[in-house]
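Here the structure comes first, spelled out in structure tokens, and everything after it is commentary.
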Amino acid sequence: MILVTGAGGKTGKAVIAALLARGASVRGFVRSPAYEPALKAIGASEVVVGAMDDADALSRAVRGADAIYHICPNVNPNEIAFAKVLVAASTSSGVSRLVYHSVLHPQIEAMPHHWNKLRVEEMLFSSGLDITILQPAAYMQNSLAQWDAIKRDGVYRVPYPVETRLSLVDLNDVAEAAALVLTNTGHSNATYELVGTPPLSQFELAEAFGRALKTHIRAETETIESWNHRARNAGMDDYQREILIRMFRAYAHDGLKGNCNVLSWLLGRPPTSLAAFAARIATQA
């Protein structure tokens, strides 16, 4: 039995599906009962509902599990506190195996949500648990939030310079790697960067989307002010907007660049390319 925390989001669902494909039994931990039907529909055998800072709820979720895959909700100011509660529950329940969903280059202090994950990694090193840390790049799937607009307007918009180079990864590859390290031995004390592409400019992303859609797509920079206005109107809270704006500025300064070798080794094949991802999405859309 493998416990997946933060199971209601796209990462949690993808990891659950990959674990089920490898024959594992999965228990999901979610913050609301509203997530339970979807997790049961994809095959989760159990769902526990509770807040990530609720020690009693986490103790119920951890009890009887053989391993834990911990996903903190994205851009959450309480990431470190949540991890402390989970480590305490794991330790008291005798569940020693924990795989942590971190991020590529958590050392970048200019991005506080990355920096918080580094602090969690540091805490895990002294936890006494049998840990593995996964550090995925930005998901290719993040582009899907504007896929309809890309098709309608012929424009791929980003709130940083279009020359910015970012390494990406297909979430399905991340989920497959997570399932592999959770269901196989030999990954204790490892930290794996999960990167699917070389650093790509936003021009290259637009070109890949255009080829898949058989039309011209141009890359365009959206001002941070415009992005902030849209995000506020969409209901994003002040903290999340502030942190993401700091991330955009860090991207503009340095990009976010990784190497595909580790993920290739873990999967035993080349990671999914951006072209293959775009072709898949264009076929499904």
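The values are calculated or read from the model by the stated rules, or taken from the named source; none is laboratory data. The model shown is predicted, which means the values in this text are computed figures rather than measured ones. Every residue, glycine among them, receives a Cβ derived from its backbone with ideal geometry; neighbour counts consider all protein chains shown. Surface areas here come from the heavy atoms of the whole protein model, side chains and all, with no ligands, DNA or RNA. Shrake-Rupley method; radii C 1.70, N 1.55, O 1.52, S 1.80 Å.
Yes or no, residue by residue, for (1) at negative phi; (2) touching a helix residue (DSSP H, G or I) at 6+ places or on another chain (Cβ under 8 Å); (3) assigned to a helix (DSSP H, G or I):
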site: 220; (1), (2), (3): yes, no, no
site: 229; (1), (2), (3): yes, no, yes
site: 241; (1), (2), (3): yes, yes, yes
site: 245; (1), (2), (3): yes, yes, yes
site: 248; (1), (2), (3): yes, yes, yes
site: 252; (1), (2), (3): yes, no, yes
site: 262; (1), (2), (3): yes, no, yes
site: 266; (1), (2), (3): yes, yes, yes
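The requirement of being of a type outside the set (A, V, I, L, M, F, W, C), assigned to a helix (DSSP H, G or I) and in contact with a Pro (Cβ under 9 Å, 6 or more places away or on another chain) is fulfilled somewhere in the range 103-113, by at least one residue. Report, by residue number, each residue of the range 180-192 that is in contact (Cβ under 8 Å) with a residue 24 or more places away in the chain, open to solvent by 10 Å² or more (accessible area, probe 1.4 Å) and not hydroxyl-bearing (Ser, Thr, Tyr). Result: 180, 182, 187, 189, 190. Counted as qualifying within the range 1-66 are the strands (runs of 3 or more DSSP E) with 1 or more residues that are more than 21 Å from the chain's Cα centre (by Cα), namely 46-49.
Residue 74 meets the conditions (1) over 25 Å from residue 112 (Cα atoms); (2) surrounded by fewer than 19 Cβ atoms within 10 Å (Cβ to Cβ) in every case but one. The failed one is (1).
Among the residues in the range 193-209, are any of a type in the set (S, T, N, Q), outside any loop (DSSP other than H, G, I, E, B) and either surrounded by 15 or more Cβ atoms within 10 Å (Cβ to Cβ) or at pLDDT below 95 (or both)?
Looking for residues that are of a type in the set (S, T, N, Q), outside any loop (DSSP other than H, G, I, E, B) and either surrounded by 15 or more Cβ atoms within 10 Å (Cβ to Cβ) or at pLDDT below 95 (or both), one finds at least one in the range 193-209, hence yes.
Scanning the range 42-71 for residues that are within 20 Å of residue 21 (Cα to Cα) and surrounded by 18 or more Cβ atoms within 10 Å (Cβ to Cβ) turns up 44, 47, 65, 67, 68, 69, 70, 71. Of all residues being part of a helix (DSSP H, G or I), within 30 Å of residue 182 (Cα to Cα) and not small (Gly, Ala, Ser) in the range 268-285, which is most open to solvent (accessible area, probe 1.4 Å)? Just the residue, please. Out of the qualifying residues, it is 284. Residue check: residue 239 meets all listed conditions (1) more than 25 Å from residue 196 (Cα to Cα); (2) within 20 Å of the chain's Cα centre (by Cα); (3) touching a residue at least 40 places away in the same chain (Cβ under 8 Å); (4) buried (at least 16 other Cβ atoms within 10 Å of the Cβ) but one, namely (4). Given the criteria open to solvent by 20 Å² or more (accessible area, probe 1.4 Å), in contact with a Phe, Trp or Tyr (Cβ under 8 Å, 6 or more places away or on another chain) and in contact (Cβ under 8 Å) with a residue 60 or more places away in the chain, does residue 218 qualify? The answer is yes for residue 218. Return the pair list, or none, for Cβ contacts closer than 8 Å from residues in the range 43-64 that are among the charged types (D, E, K, R) to residues that are open to solvent by 60 Å² or more (accessible area, probe 1.4 Å), at least 6 apart or on different chains. Between residues of the range 43-64 that are among the charged types (D, E, K, R) and residues that are open to solvent by 60 Å² or more (accessible area, probe 1.4 Å), the close pairs are 53/78.
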